[in-house]
Every structure is written in C-alpha cells, then in structure tokens.
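Reviewing the structure listed below.
Values in this text are rule-based calculations from the coordinates and carry no lab data. Predicted model only: the values in this text are computed from it and were never measured. Cβ placement follows ideal geometry from the backbone for every residue including glycine, while neighbour counts extend to all protein chains displayed.
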Amino acid sequence: MIDHGQDTAKWKIPFFSIWTGQAFSLVGTRVAQFALIWWLTKLTGSATVLATASMAALVPDIVLGPLAGAYVDRWSRRIVMIVADGLIALASLWLAFLFWTGAIEIWHVYVIMAVRSVGGAFHWPAMQASTSLMVPKEQLTRVAGMNQTLNGLLNIFGAPLGALLMELLPLHGVMLVDVGTAALAVVPLFFVHI
C-alpha cells in the first residue's frame, strides 16, 4: 500500500520551497519595475522616454520568447533559473549603486530593463517546465490555478506596493528589495533537485 502522505511530502516541500522564493522574486520584480517607470515619469514627463523604456523592457522578451523555451528544454532548468534570477539581481544591484551614487542616467535604466527582460525570457519557461517535472499530474491544475492567482494579485497589488516602498525607501533601497527577493528565489534552487 502506498503512503500518500509521504508521497505528497516528496513533491510539496521541494516544489513550494522553489515556488515561494519565485513568488517573492516576482513581487520584487513588479515593485522595481513600477519604481523605475515612476522615476522616469517624474524625472522627464516624456512619453517618448516611457515608450523607449517600455520597448527596452518588452522587445528582448518578445524576440527571445520563442527561442528560450527550446533552449530551456535542452538545459538544466534549475541552472537556467539560477542564472536568470542572478542576472536580474546583479543588474538591479548595479542600478541601486548608480542611484545611490547619483551617477544614474536614463540610458542606464533602459539597459537594465532590457537585461531584466532577457532574464525573464528564460526564467519563465524554465519555471513552467520545472513545475511539470516536480508536481504530480493530478496536481498540475491546482498549481496552475495558484500561479494564475499569484499573477492576478501581482497585477492588482504590484503598483500600490511599489508606490508604498517608494514613499518609505530611496530608489536605491527599492532596487535592493529586488535584489533581496531575487536572492530568496535563488537560494532554494541550490538545495532542491528538479
């Protein structure tokens, strides 16, 4: 006879360790994205600057999206998520340093938004592929529903949370929140096998 409690623990603990870290990372990403857009809006008030920033944030993901899935299927999903989250964290750390020193330029924000988009283009397919490898088939619908709920909540609360953090912290502090949440996403990946 199969012990379903033990079988359940075999996938739940590793999966939710990763999922929780990724959820925090998504919160940090949304907060940082809002902070950067708001900073550009306050600094320039220019629709052209905002459009350019949006293009920098969207085009790499659009271009790499169809290719990323094929590569993720060939590579270790765990390593892809570590590298993608690490790249995004390093980019945010660099931006935090530039804000802290007052050396920030608008083009820095464009570059960071593009780098974050490249990381996201590989990260999301790796996370989706990992989910299907870690979660039993009969639980996939439930986990997909949780992912949709998380994305919905982030769409609702991401901007207000970003605005709150911008009131409480300087912009380099908001970028460091993104770095910290990315670390929460990466650490479990060092200990969990996918």
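When the distances between all Cα atoms of the stretch 34-75 are binned every 10 Å from zero, what whole-number percent does each bin get?
The calculated distribution, bin by bin, is 26, 35, 21, 15, 2.
When the C-alpha atoms of the stretch 55-125 are aligned to their principal axes, what extent does each axis show, in angstrom, from largest down?
If we take the Cα atoms of the stretch 55-125, the spans are 42, 24, 11 Å.
By how many degrees, 0 to 90 and rounded to 10, does the Cα axis of helix 171-191 deviate from the longest principal axis of the chain?
Approximately 20 degrees, to the nearest 10.
Restricting to DSSP H runs of at least four residues, report the calculated mean residue ellipticity at 222 nm for the chain, -39500 (n - 2.57) per run over all residues, nearest 500 deg cm²/dmol.
-32000 deg cm²/dmol
Which value in nm describes the separation of the simple spin-label points at Ile156 and Gln139, placed 7 Å from the Cα toward the beta carbon?
If labels sit at Ile156 and Gln139, their model points lie 2.5 nm apart.
For the stretch 121-193, go through all pairs of different Cα atoms, get the mean of 1/r, take its inverse, and jot down that Kirkwood value in Å.
Over the stretch 121-193, the inverse of the mean reciprocal pair distance is 14.6 Å.
Tilt of helix 4-44 relative to the longest C-alpha principal axis of the chain, in degrees (0 to 90, nearest 10)?
For helix 4-44, the angle is close to 10 degrees.
So how tilted is helix 47-74 from the main axis of the chain? Cα-based, degrees 0 to 90, rounded to 10.
With rounding to tens, the tilt is 30 degrees.
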